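Trainee: There's a structure below that I have some questions on.
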Amino acid sequence: MTVLDGRVIIVTGASSGIGKAAVKMFVRAGARVIASARRKEQLQELQKEIDNDDGSVVTVAGDVCDLALHESLVRTAVDNFGRLDGAFNNAGMLGVNAPIGEVAVADWQATLATNLTGAMLAARSQVPRMQESDGGSIVFTGSFVGYTAGFAGMSAYAASKAGLIGLSKVLAVECADAGIRVNTIISGGVDTPMGHESAPTPDAMAFVKNLHALGRIARPDEVAAAAKFLLSDDASFVTGTAMRVDGGVSVFKG
Ligand SMILES: NC(=O)c1ccc[n+]([C@@H]2O[C@H](COP(=O)([O-])OP(=O)(O)OC[C@H]3O[C@@H](n4cnc5c(N)ncnc54)[C@H](OP(=O)(O)O)[C@@H]3O)[C@@H](O)[C@H]2O)c1
């Protein structure tokens, strides 16, 4: 018996980085996964890498800003596998990087729409389905940026990620009676395209690595492993938490 045996789980941001690592890990742990992102080719590539002969992974392309995508992901879970047990609402973007006086309202809104409203729309679609069965687990991907650290220029990203913590705390209370747990992972820096976009030069990457007590950023699977835990019964008493998976970035003052 594996920790996610038979669980049906939605993963957003599945075309790359943490989400892609999560899909592979969840399937190895026995889950059936509805994997989503905008880029169809990357999702197809993921299916090939998994060697999806038994149909454990179904992909649906779309934008997390669109409520219809989330409704379609839930429908796909139920139509293909008969249920929905969990969701790793992980898709995100760095978005606008500028001093506050230069942040265009449209850019601010685009960042919030993807990182925060996208997560809310996901939960809004997932919770009613989980309420109809015996509960479930919802996990968001937050960040040390906006929680333990502030970086100049990253106001929209930080606000969107901090917003996820409030969202998950409220949903944890609101959905507890239905047996639904809701948590946010506070990720440190991760070796993904976004991680490199945020620290594009060797000096910037060295600076970011040195912010972490462990002296490095995470592999994507190290964050996916925390999501796997939170989605499993091993975390049956964990809800409403902002769980740091951050290599000590929050405790280290190099
Ligand atoms: N890397 C880090 O250092 C770091 C640190 C803390 C937290 N995080 C968080 O971790 C999560 C995953 O990021 P990552 O590091 O794995 O980066 P990544 O490799 O760049 O992956 C980002 C994922 O989000 C998807 N995505 C972005 N905008 C989307 C949209 N509007 N609709 C649907 N999907 C969208 C992308 O897919 P498509 O482009 O195909 O749509 C991609 O699959 C994000 O929420 C990020 O904020 C990352």
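The values are calculated or read from the model by the stated rules, or taken from the named source; none is laboratory data. The shown structure was predicted, so the numbers you read here are calculated from the model rather than taken from an experiment. In this analysis, Cβ positions are derived from the backbone assuming ideal geometry, glycine residues included, and neighbour counts consider all displayed protein chains. In case anyone asks, the SASA skips ligands and DNA or RNA and just uses the protein heavy atoms, side chains included. Shrake-Rupley method; radii C 1.70, N 1.55, O 1.52, S 1.80 Å.
Trainee: What list of ³J(HN,Hα) values in whole Hz, one per residue of the stretch 101-118 in order, does the Karplus curve 6.51 cos²θ - 1.76 cosθ + 1.60 (θ = phi - 60°) give from phi, with Gly and Pro shown as x?
Mentor: Once rounded to whole Hz, the list reads x, 10, 7, 5, 4, 5, 5, 4, 5, 5, 5, 5, 4, 6, 7, 10, 5, x.
Trainee: While we're here: Can you work out ³J(HN,Hα) from phi for every residue in the stretch 52-62, in order, using Karplus 6.51 cos²θ - 1.76 cosθ + 1.60 and θ = phi - 60°, giving whole Hz and x for Gly and Pro?
Mentor: Once rounded to whole Hz, the list reads 7, 4, 8, x, 5, 10, 10, 10, 9, 8, x.
Trainee: Leaving ligands and nucleic acids out of the surface, order 24, 161 by accessible area at 1.4 Å, largest first.
Mentor: Ranked from most to least accessible, the order is 24, 161.
Trainee: Would you please give the residues with an amide H less than 5 Å from that of residue 246, counting only those at least 5 places away or on a separate chain, with H modeled from the backbone geometry?
Mentor: Correct list: 188.
Trainee: From the mean inverse distance of alpha carbon pairs (Kirkwood) and the Cα radius of gyration, derive Rg over Rh for the stretch 121-188.
Mentor: 1.07
Trainee: Quick one: divide the alpha-carbon radius of gyration of the stretch 80-220 by 2.2 N^0.38 Å and tell me what you get.
Mentor: 1.15
Trainee: What does the convex hull of the Cα atoms come to per residue for the stretch 167-232, in Å³?
Mentor: 100
Trainee: Still on this structure, I have one more. For the stretch 195-204, just list the computed ³J(HN,Hα) in residue order, Karplus coefficients 6.51, -1.76 and 1.60, θ = phi - 60°, integers in Hz, with x standing in for Gly and Pro.
Mentor: With the stated coefficients, the stretch 195-204 comes to x, 7, 5, 7, 9, x, 10, x, 5, 5 Hz.
Trainee: Also: Determine, at each q value in 0.10, 0.16, 0.17 (inverse angstroms), the log₁₀ of I(q)/I(0) that the Debye formula gives when each Cα of the stretch 47-140 is one equal point scatterer.
Mentor: The computed values of log10 I(q)/I(0) come out as -0.34, -0.74, -0.80.
Trainee: On average, how much area does the Cα convex hull of the chain cover when viewed from any direction, in nm²?
Mentor: Seen from a random direction, the Cα hull of the chain projects 13.3 nm² on average.
Trainee: Residue 180's amide H: which non-local residues (gap 5+, or another chain) put their own amide H closer than 5 Å, with H modeled 1.01 Å from N in plane and none for Pro or chain starts?
Mentor: Result for residue 180 returns 136.
Trainee: Could you report the stretch 8-245's accessible area per residue, 1.4 Å probe, as an integer in Å²?
Mentor: 44
Trainee: So, R0 is 25 Å and r is the distance between the beta-carbons of residue 133 and residue 238; what FRET efficiency does that work out to, to 0.05?
Mentor: It comes out at approximately 0.80.
Trainee: Right, next: Take the Cα atoms of the stretch 29-95, build their convex hull, and give its volume per residue in Å³.
Mentor: Taking the convex hull of the Cα positions in the stretch 29-95, it is 103 Å³ per residue.
Trainee: Could you list which residues have their amide H under 5 Å from that of residue 8, counting only those 5 or more apart in sequence or on another chain, with H placed in the peptide plane?
Mentor: Those lying under 5 Å, H to H, from residue 8 are 32, 85, 86.
Trainee: Which number gives the lysine pairs in the stretch 8-245 that have C-alpha atoms under 22 Å apart and are eight or more places apart or on different chains?
Mentor: For the stretch 8-245, qualifying lysine pairs total 13.
Trainee: Next question. What number comes out for the charge environment of residue 12, summing +1 per Lys or Arg and -1 per Asp or Glu over other residues with Cβ under 12 Å away?
Mentor: Taking every Cβ under 12 Å from that of residue 12, the sum is 0.
Trainee: Let me ask another. Show 84, 112, 214 ordered by accessible area, largest first, where the area counts protein heavy atoms only and the probe is 1.4 Å.
Mentor: Result, largest first: 214, 112, 84.
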